[in-house]
1. Determine which single condition G64 fails, assuming it passes every other condition in (1) more than 19 Å from A124 (Cα to Cα); (2) at pLDDT below 95; (3) of a type outside the set (D, E).
2. In region 66-102, what residues are β-branched (V, I, T) and part of a strand (DSSP E or B)?
3. Read through the list (1) within 23 Å of G118 (Cβ to Cβ); (2) crowded, with 21+ Cβ neighbours inside 10 Å; (3) β-branched (V, I, T), then give the number of the only condition that V78 fails.
4. Taking the condition of being at positive phi and at pLDDT below 55, how many residues in region 2-43 meet it?
5. Please determine, by comparing only the residues of region 103-117 that are in a loop (DSSP other than H, G, I, E, B) and touching a residue at least 24 places away in the same chain (Cβ under 8 Å), which one is farthest from V39 (Cα to Cα).
6. Kindly provide the set of residues from region 45-73 that are surrounded by fewer than 16 Cβ atoms within 10 Å (Cβ to Cβ) and within 21 Å of Q113 (Cβ to Cβ), ordered by number.
Amino acid sequence: MSALRRTKAPSARVGRVDPKRLLDLHVHRPVPGASVVEVVGEVDLCTAPHLAEVVEARIRSTVGVVIIDLSRTTFLAVAGLKVLRRMQLLAQLLDTDFYVDPGDSHPARRLLQLMPLGCERPGAAAGLSPVDVPGQRRLTT
């Protein structure tokens, strides 16, 4: 059980190329057993399926914790919120911990304030909020 901390390991750009560059997804593995999906740009009806594909792959992998980092999200439509809700339900079904960190993104915070998912954990992606990772000790600062 450990508080997540960002490592200096490079992140992997995931998925297909978006010709309009509306959405970039980066996956970090800050500690063994945890995966952080960083969402950069716009999540709308066109880009939400790509987000679903990447997050579902992480949930179905061997990690025990998946965190969605929305701190660099510039637009979050209801289609994106629906994807996050579906992924939350899938994670529950597969016994994977799932958290959404809105970060400083005003669009993400606003939509999650109006329609909360119940899995919001501000600061989780940056390691500011403690998250239990299976097989790890919780680190204290």
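The values are calculated or read from the model by the stated rules, or taken from the named source; none is laboratory data. Just so we're clear, the structure is a prediction, and the values are computed from it rather than from any experiment. In this analysis, Cβ positions are derived from the backbone assuming ideal geometry, glycine residues included, and neighbour counts consider all displayed protein chains.
1. Result: G64 fails condition (1) only.
2. Answer for region 66-102, where residues must be β-branched (V, I, T) and part of a strand (DSSP E or B): V66, I67, I68, T73, T74, V100.
3. Looking at each condition in turn, V78 falls short on (2).
4. Of the residues in region 2-43, 1 are at positive phi and at pLDDT below 55.
5. That would be M115.
6. R72
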